[in-house]
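Below you'll find the structure, written out as structure tokens, and then a few comments.
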Amino acid sequence: MATILVTGGAGFLGSHLCDRLIERGDEVICLDNFFTGKKRNIEHLIGNPRFELIRHDIVHPIFLEVDQIYNLACPASPEAYQYNPIKTIKTSTVGMVNMLGLAKRCKARILQASTSEVYGDPEIHPQQEDYWGHVNPIGPRSCYDEGKRVAESLCMNYHISHNLEIRLIRIFNTYGPRMDPNDGRVISNFITQALRGEPMTVYGDGSQTRSFCFVHDLLEGMMRLMDQDETTGPVNIGNPTENTMLELTEKIIEVTGSSSPVSHVELPKDDPKQRQPDITLAKKYLNNWEPQVDLKKGLEQTVAYYKELLNL
Ligand code: NAD
Ligand code: UDP
């Protein structure tokens, strides 16, 4: 049994991670400032003797004794991370230094939740880990993209300079139950719009692509990466099946049975045109990891979650 710190533990991915670690028998310290996290995501764990919740912001140092750290704290949806861009950068830089300092003092292994956004609007397709990316350093997404790139650099330099055990996971678009219905990401927007019979807001012409990974597949890959000894990463974790946003509206109409129309609205600046992970390294290092849940099945579970949460 290990003591594991999950920062951002009340968020979408973090709360599922807390569940899995508790199920496995670990002691979990869930740390969150509740910027985008929700108490409802973790309330079922309160009272479990192996679960502890701390309201804290990683931009400030914290002293704990832990064996492993999963650093997931950072808003993930473009609307949320652009709400206070300077805070977003601080979370990925000052917050990262604080978590690396904690890992160094405790001799703990630390996994950093990086992102496909480090590739920016990619010029190569699919994206492999050795691609350096195409990021606008002064654009509206830069607070997130560049913050995450600095975080990777910090991790690598702590590894080289202090022999710290680091793991870098580059997460591609992930969805599933507990995604905040108001966070502005495409799957939460389309499903809630479809369930309410409102128009589905496709940004631009809808030809841009994303590759959507179901949350349980992602977490399986994340935990395998943390617990293997062969690579620090970065390793891409995502589902290689690529969809345009228009195809996504069709799938959501099929799953919800909604008759919502599509309405086209302006494409946000610097919106990446295509995104698809190359998962060769994940298969190689993570015991042949690959996604198991196809988009239709994953959407069905996500729709069921929103129906219950929103009484729709
Ligand atoms: P989320 O917004 O649901 O969760 C982030 C959590 O971090 C929230 O609970 C929030 O309150 C907390 N947080 C934010 N800033 C904090 C701070 N300064 N101190 C303490 N807590 C803070 O998002 P998510 O989808 O669960 O994403 C989790 C992590 O995975 C993020 O680091 C994100 O960048 C990364 N990621 C997610 C995706 C995805 O598709 N979900 C893709 C790529 C990367
Ligand atoms: N998008 C859309 N309608 C929405 C929300 C998003 O068409 O209501 C598009 C967005 O322009 C992007 C894709 O869906 O091309 C994925 O957006 P999201 O915010 O989920 O994640 P991103 O991959 O851009 O960080």
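Here, each number is a calculation from the coordinates, and none is a lab measurement. What you are looking at is a predicted structure, and each value in this text was computed from that prediction instead of being measured. In this analysis, Cβ positions are derived from the backbone assuming ideal geometry, glycine residues included, and neighbour counts consider all displayed protein chains.
Annotations for the structure displayed:
- Rounded to the nearest Hz, the phi-derived 3J(HN,Hα) couplings of the stretch 215-227 under the Karplus curve 6.51 cos²θ - 1.76 cosθ + 1.60 (θ = phi - 60°) are 4, 5, 5, 4, 5, 4, x, 5, 6, 5, 5, 4, 8, where x marks glycine and proline.
- The stretch 229-294 and the stretch 138-176 have Cα centres spaced 20 Å apart.
- When you count the other C-beta atoms within 10 angstrom of each residue and take the mean per peptide, 148-159, 164-175 line up highest first as 164-175, 148-159.
- Phi angles of the stretch 99-113 translate, via the Karplus equation with coefficients 6.51, -1.76, 1.60 and θ = phi - 60°, into HN-Hα couplings of 6, 5, x, 4, 4, 5, 5, 8, 6, 9, 7, 10, 9, 9, 7 Hz per residue; Gly and Pro are given as x.
- Nonlocal amide H pairs with C213, under 5 Å, H built at 1.01 Å: T174, Y175, N239
- Relative packing of peptides 63-75, 21-33, 193-205, 258-270 - highest average C-beta neighbours within 10 Å first: 63-75, 21-33, 193-205, 258-270
- Volume per residue that the Cα convex hull of the chain spans, once the total is divided by residue count, Å³: 121 Å³
- Computed 3J(HN,Hα) for the stretch 189-199, one whole-Hz value per residue from the Karplus formula 6.51 cos²θ - 1.76 cosθ + 1.60 where θ = phi - 60°, is 4, 4, 5, 5, 5, 4, 5, 8, x, 8, x, glycine and proline marked x.
- For I58, residues with placed amide H under 5 Å, excluding near neighbours: none
- Using C-alpha pairs under 8 Å with a sequence gap of at least 6, the mean separation divided by the residue count of the chain gives a relative contact order of 17 percent.
- Its residues counted as N, the stretch 56-109 yields a C-alpha radius of gyration over 2.2 N^0.38 Å of 1.20.
- To the nearest ten degrees, helix 12-24 and the longest principal axis of the Cα atoms of the chain are 50 degrees apart.
- Here the peptides 178-191, 76-89 are ranked by packing, the mean other Cβ count within 10 Å, and the order with the highest first is 178-191, 76-89.
- Among beta bridges that DSSP assigns inside the chain, antiparallel share in %, nearest 5: 10 percent
- As a length-normalised measure over Cα pairs under 8 Å and 6 or more apart, the relative contact order of the stretch 99-204 settles at 29 percent.
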